[in-house]
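Novice: This structure is in structure tokens; I'll ask about it shortly.
A short reminder: the numbers here are calculations on the coordinates, not readings from a lab. Not measured: the values here are computed from a predicted model. All Cβ positions, even for glycine, are placed from backbone atoms using ideal geometry, and neighbour counts span all protein chains on display.
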Amino acid sequence: MSDISEFMTAEHRECDRLFAEAEAAVAAGDWEEATSRFDAFADLTLLHLRREEEILFPEFEARTGITEGPTAVMRMEHDQMRILLDQMRQALVDRDADAFLGDAETFMILTQQHDMKEEQVLYPMSDQALSVDRGTVLGRMKEI
Ligand SMILES: [Fe+2]
Ligand SMILES: [Fe+2]
């Protein structure tokens with residue numbers, strides 16, 4: 001996998017898969033399973049957000065000169081995701097299925113729209129702007 005688009009899109013799908021497993025375990029009332037599935041999901045999601053915030057977005061901003069555009073919106077949405085992740089983690093501790101599933105619904109809608117914007121706009125623009133350096137930047141993103 002040499003381009004950013006391909007790697008990061010695949011990571012979105014993996015996060016979706018892990019999230020669906022956590023949600024299914026909560027719906028089934030298996031709290032222990034739900035907690036371990038949620039931890040796996042949250043760990044990968046937070047890592048993904050760091051790959052973007054610490055490496056990809058600064059590179060995008062430096063190459064394009066666009067600092068108040070898509071990356072600013074993406075950072076704001078990441079903050080909303082982190083709040084929802086904290087709330088869902090608390091709902092797991094409280095064993096409150098309604099609270100968890102309500103936040104899960106909000107998270108899913110937010111993330112679907114967010115991921116679509118990255119996959120259709122930000123990642124392709126990044127691959128293009130970074131040109132021959134995209135492999136190096138992707139390597140740094142994977143090292144986090
Ligand atoms: Fe993102
Ligand atoms: Fe992303």
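Novice: Return the Rg/Rh value of the chain, two decimal places, where both radii are evaluated on C-alpha atoms and Rh is the Kirkwood radius. Could the numbers behind the result be given before it?
Specialist: Details: Rg = 16.1 Å, Rh = 15.8 Å.
Taking Rh as the inverse mean 1/r over Cα pairs, Rg/Rh reads 1.02.
Novice: Please list 3J(HN,Hα) in residue order for the range 122-131, calculated via the Karplus relation 6.51 cos²θ - 1.76 cosθ + 1.60 where θ = phi - 60°; whole Hz, with x for glycine and proline.
Specialist: Calculated HN-Hα couplings, in order: 5, 5, x, 5, 5, 4, 5, 5, 7, 6 Hz.
Novice: Quick one: what are the phi-derived ³J(HN,Hα) couplings along the range 134-144, Karplus 6.51/-1.76/1.60 with θ = phi - 60°, whole Hz, x for glycine and proline?
Specialist: Whole-Hz 3J(HN,Hα) from phi for the range 134-144: 5, x, 5, 5, 4, x, 5, 5, 6, 6, 4.
Novice: Note the full-extension length gain between Asp39 and Glu68 as 0.36 nm times their separation in residues minus their Cα-Cα distance, in nm to one decimal. Don't jump to the answer; show the numbers that get you there.
Specialist: Numbers: separation 29, 0.36 × 29 = 10.44 nm, distance 3.26 nm.
Contour length minus the Cα-Cα distance gives 7.2 nm.
Novice: Only Lys, Arg, Asp and Glu count, each charged at its Cβ (+1, +1, -1, -1), so figure out the dipole size of the chain about its Cα centre, rounded to 20 debye. All intermediate terms of the calculation are to be shown ahead of the outcome.
Specialist: Working: 14 positive and 32 negative charges, 83 e Å.
Once rounded to the nearest 20, the dipole reads 400 debye.
Novice: Now, a different point. Over the chain, calculate the relative contact order: mean separation of alpha carbon pairs under 8 Å at least 6 apart, over the residue count, as a percent.
Specialist: On the way: 111 pairs, mean separation 54.9, N = 144.
Worked out over the chain, it gives 38 percent.
Novice: Right, another one. Hey, what do the phi angles of the range 91-101 turn into as Karplus ³J(HN,Hα) couplings, whole Hz, using 6.51/-1.76/1.60 and θ = phi - 60°, x for Gly and Pro?
Specialist: 3J(HN,Hα) across the range 91-101, in whole Hz: 4, 5, 4, 7, 6, 10, 5, 4, 4, 4, 5.
Novice: Go through 132-144, 73-85, 17-29 and give me the packing order, highest mean Cβ count within 10 Å leading.
Specialist: Working: 132-144: 13.4, 73-85: 15.1, 17-29: 16.8.
Descending mean neighbour count gives 17-29, 73-85, 132-144.
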